[in-house]
Amino acid sequence: MNNTEINIRPMEPADVPIVSAIEQQAFPHPWGEQAFYDCIRVNFKCWVLEIPCSFRANESTVGINSMSSLTESEVDINSICSPTESEVDIKSICSPPPRSGGGDGGEGAVREIVGYAIVMTALDESQLLNIAIAPTHRGKKLGKYLLSWILAQLKATGTKEMFLEVRVSNMTAIHFYETLGFEKIGIRKGYYPLDNGREDAVLYKLEQL
Ligand SMILES: CC(C)(COP(=O)(O)OP(=O)(O)OC[C@H]1O[C@@H](n2cnc3c(N)ncnc32)[C@H](O)[C@@H]1OP(=O)(O)O)[C@@H](O)C(=O)NCCC(=O)NCCS
C-alpha cells in the first residue's frame, strides 16, 4: 500500500462503534465502548488509521489506487465495503474524506477505519494503552506505520520515553514492538485477566524517541 493513501487522524466519538468492533476482534478481553469514549473525553491521544475503502484484503482484484480516486457518488458503497463481523452499519464504516490533512488517498476518497491507538502522556513520558489493526488488514505494515507515526508525533511534542505492557502470550505483538526498538524491562505478575486466572505482562520501554 502506498503511504499517501493512509490517513491518521484524531479519534472522534462517532468513530467509537467501528473502533470497538475492531477491538472485539483483536483481544480476548476487549475494552468496552465506554472505555474509548472515556479516553477521548479525558483527552488521551486517540487516533484512527484510515485507508481507502476496498474489497477486503483483495487489492489484486480491485486496485486500491484506482479506488482512491473515485468519489462517494461514483462508487457503489455496498459493492466495495465489506461489513465487519460485528455487522456495523455499512454507511458508518465507510466515511467521507477526513476533515484534517494528511495523505488522503485522493480527493473524495471513501475511507474505512482499520486501526487505532491510544496513548497517555505525562510530562516527557508516554504510555501506549492500546493499539490494534483489523484482522483482515494485518501484516501489511499498517501497525508499524501507525506506531512510527505516533512516535514521531510524540517526539515532536516532548516525549522522551514510551512504555507499554503486553501479554506474555502475545508473541505477534512482542515481535511487533521489538521490531520497532522497544526493550523488555520487566514483568508485571498477573496483570491481565484470563478466563480462568491471570496472565503476566511484559513491560517494554522505548528510550530516546
Ligand atoms: C500487533 C499488531 C498491531 C501489528 O499490526 P500489523 O499491521 O499486523 O503489523 P505490521 O504488518 O506493521 O508488522 C510490523 C512488524 O511486526 C511483526 N509482526 C507483525 N505480525 C507478526 C506476526 N504474525 N508474527 C510475528 N511477527 C509479526 C514483524 O516484526 C513485522 O515486521 P516485518 O514484517 O518487517 O518482519 C496487530 O497484529 C494487532 O492488531 N494485533 C491484535 C491487537 C494486539 O495484540 N495489540 C497489541 C496489544 S499490546
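Here is how the numbers come out for the structure above:
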item	result
Unique match (being within 11 Å of the ligand (Cβ to nearest atom) and surrounded by fewer than 13 Cβ atoms within 10 Å (Cβ to Cβ)) among Thr136, Thr179	Thr179
Matching residues, the range 140-166, being on the phi > 0 side of the Ramachandran plot and either under 13 Å from the mean Cα position of the chain (by Cα) or of a type in the set (Asp, Glu) (or both)	Lys141
Only listed residue being over 16 Å from the mean Cα position of the chain (by Cα), over 22 Å from Ala35 (Cβ atoms), within 16 Å of the ligand (Cβ to nearest atom) and at pLDDT below 50, chosen from Ile77, Ile64	Ile64
The range 139-156, residues that are hydrophobic (A, V, I, L, M, F, W, C) and within 14 Å of the ligand (Cβ to nearest atom)	Leu142, Leu146, Leu147, Trp149, Ile150, Leu151
Positions within the range 6-39 being under 21 Å from Asn170 (Cβ atoms) and β-branched (Val, Ile, Thr), in sequence order	Val19, Ile22
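Residue-wise test of (1) surrounded by fewer than 21 Cβ atoms within 10 Å (Cβ to Cβ); (2) modelled with pLDDT under 95; (3) within 14 Å of the ligand (Cβ to nearest atom).
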| site | (1), (2), (3) |
| --- | --- |
| Gly101 | yes, yes, no |
| Asp104 | yes, yes, no |
| Glu107 | yes, yes, no |
| Ala117 | no, no, yes |
| Thr121 | yes, no, no |
| Leu128 | no, no, yes |
| Met162 | no, no, yes |
| Met171 | yes, no, yes |
| Ile174 | yes, no, yes |
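The values are calculated or read from the model by the stated rules, or taken from the named source; none is laboratory data. The model shown is predicted, which means the values in this text are computed figures rather than measured ones. Heads up, the Cβs are rebuilt from the backbone with ideal geometry, glycines too, and the neighbour counts pull from every protein chain shown.
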